[in-house]
Amino acid sequence: MTSSLQNKVAIVTGGASGIGLECARQLVENGATVYVLDRDHQALEAARAALGKHLHTIEVDLFRYETVDRAIETILSEQDHIDILHANAGAYIGGNIWEGDPDAWDKMLNLNINAAFRSARAVMPAMMKQKSGDIVLTSSIAGIVPIPAEPIYTASKHAVQAFAHTIRRQLAPFGIRVGAIQPGPVVTPLLNDWDPERLKANIEAGAMMQPADVAEALVFMLTRRKGTVVRDLVLLPHSFDV
Ligand code: NAD
């Protein structure tokens, strides 16, 4: 197999489940060596068993700077380059902000934007030194369209968008490309809190995507020729309306 991802070293955060797991799978299939950073021990074991020797796993709590930095140091002790960071880990809490978990804001911002910042910041020195690299952030359609039923999630993903657009300009002189994917709803454990009837109805109506759809978008972004960048990639189920 020849692919432009052959011999690339990639990191996928939140890669033990859902979108990240499928992205890790497709990166491996395209020839990359993939490090999955996630905090779910059991899911990491399962991913490693399923995806073979080109998948490495590091148990990391992305809430904590020092563990993220340590994970990147570990990767650089095993590899002499890091080509791809897919900053994908995220959580979802919907609903009215005057009810429910009072810490929802902190929890969601801490993962959705802070973890993206932490992992991106940690890989930058290596990518700047090698004068190449790709950073792709998993945003959401809620990153570009305010979803009234999801105020905190919308705010967190708008922050992801702003971060992606600003570092894209800052890192371009170093040969590092930065892009963001904005998926609509995808069937993953992230939506476990959804009412099952709503989920079923949405799937039947063709208003949900599968993780593989997002993974294909990621591979598309990463395989553009050097000198071009897919800045944003909005990916929606055909009959989804925003
Ligand atoms: P998921 O719940 O299936 O996977 C999230 C992964 O992140 C899990 O493996 C979990 O263990 C890991 N994680 C959570 N907190 C962590 C922490 N503190 N440290 C380390 N790992 C942690 O979710 P998903 O649907 O695959 O979501 C992936 C990304 O896609 C998120 O950024 C999400 O916002 C985004 N997204 C999802 C959808 C959707 O409908 N599923 C739509 C648009 C965007």
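The values are calculated or read from the model by the stated rules, or taken from the named source; none is laboratory data. Every value quoted in this text rests on a predicted model; they were computed, and no experiment measured them. Using ideal geometry, Cβ is built from the backbone for each residue, glycine included, and neighbour counts are taken over all protein chains shown.
Tabulated data for the structure shown
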{"quantity": "Residues satisfying the stated conditions in the stretch 176-197, i.e. loosely packed, with under 14 Cβ neighbours inside 10 Å and in contact with a helix residue (DSSP H, G or I) (Cβ under 8 Å, 6 or more places away or on another chain)", "calculated": "PRO189"}
{"quantity": "Counted residues, the stretch 24-42 - those being within 9 Å of the ligand (Cβ to nearest atom) and either modelled with pLDDT under 95 or surrounded by 20 or more Cβ atoms within 10 Å (Cβ to Cβ) (or both)", "calculated": "3"}
{"quantity": "Flag if THR166 is more than 16 Å from the ligand (Cβ to nearest atom), assigned to a helix (DSSP H, G or I) and at pLDDT 95 or above", "calculated": "yes"}
{"quantity": "Residue list for the stretch 149-171, filter: under 17 Å from ARG121 (Cβ atoms) and in contact (Cβ under 8 Å) with a residue 12 or more places away in the chain", "calculated": "ALA159, VAL160, PHE163, ALA164, HIS165, ILE167, ARG168, LEU171"}
{"quantity": "Matching residues, the stretch 91-112, being near the ligand (Cβ under 10 Å from one of its atoms) and in a helix (DSSP H, G or I)", "calculated": "LYS107, MET108, ASN110, LEU111, ASN112"}
{"quantity": "Leading residue by the ranking (farthest from the ligand (Cβ to nearest atom)) among those in the stretch 43-85 that are charged (D, E, K, R) and part of a loop (DSSP other than H, G, I, E, B)", "calculated": "ASP80"}
{"quantity": "Failed criterion for SER4 (all others in (1) more than 12 Å from the ligand (Cβ to nearest atom); (2) touching a residue at least 60 places away in the same chain (Cβ under 8 Å); (3) in contact with a helix residue (DSSP H, G or I) (Cβ under 7 Å, 6 or more places away or on another chain) hold)", "calculated": "(3)"}
{"quantity": "Lone qualifier among LEU51, LEU76, LEU85, LEU137 - being over 27 Å from PRO173 (Cα atoms) and of a type in the set (A, V, I, L, M)", "calculated": "LEU51"}
{"quantity": "Near pairs, Cβ below 7 angstrom, 6+ apart or cross-chain, from the stretch 19-39 (more than 25 Å from ASP80 (Cβ to Cβ)) to any residue that is assigned to a strand (DSSP E or B)", "calculated": "ILE19/THR138; ILE19/VAL186; ARG39/GLU59"}
{"quantity": "Selected residue (criterion: nearest to ALA122 (Cα to Cα)) from residues of the stretch 7-18 that are part of a loop (DSSP other than H, G, I, E, B), in contact (Cβ under 8 Å) with a residue 60 or more places away in the chain and within 14 Å of the ligand (Cβ to nearest atom)", "calculated": "GLY14"}
{"quantity": "Residue in the stretch 198-206 that is within 14 Å of the ligand (Cβ to nearest atom), β-branched (Val, Ile, Thr) and buried (at least 21 other Cβ atoms within 10 Å of the Cβ) present", "calculated": "no"}
{"quantity": "Odd one out for ASN88, checked against (1) away from the ligand (no atom under 14 Å from the Cβ); (2) buried (at least 20 other Cβ atoms within 10 Å of the Cβ); (3) of a type outside the set (Phe, Trp, Tyr)", "calculated": "(1)"}
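The rows are residues; the columns are (1) of a type outside the set (D, E, K, R); (2) farther than 15 Å from GLY179 by Cα; (3) crowded, with 17+ Cβ neighbours inside 10 Å.
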position	(1), (2), (3)
ASP83	no, no, yes
GLY94	yes, yes, yes
SER119	yes, no, yes
HIS158	yes, no, yes
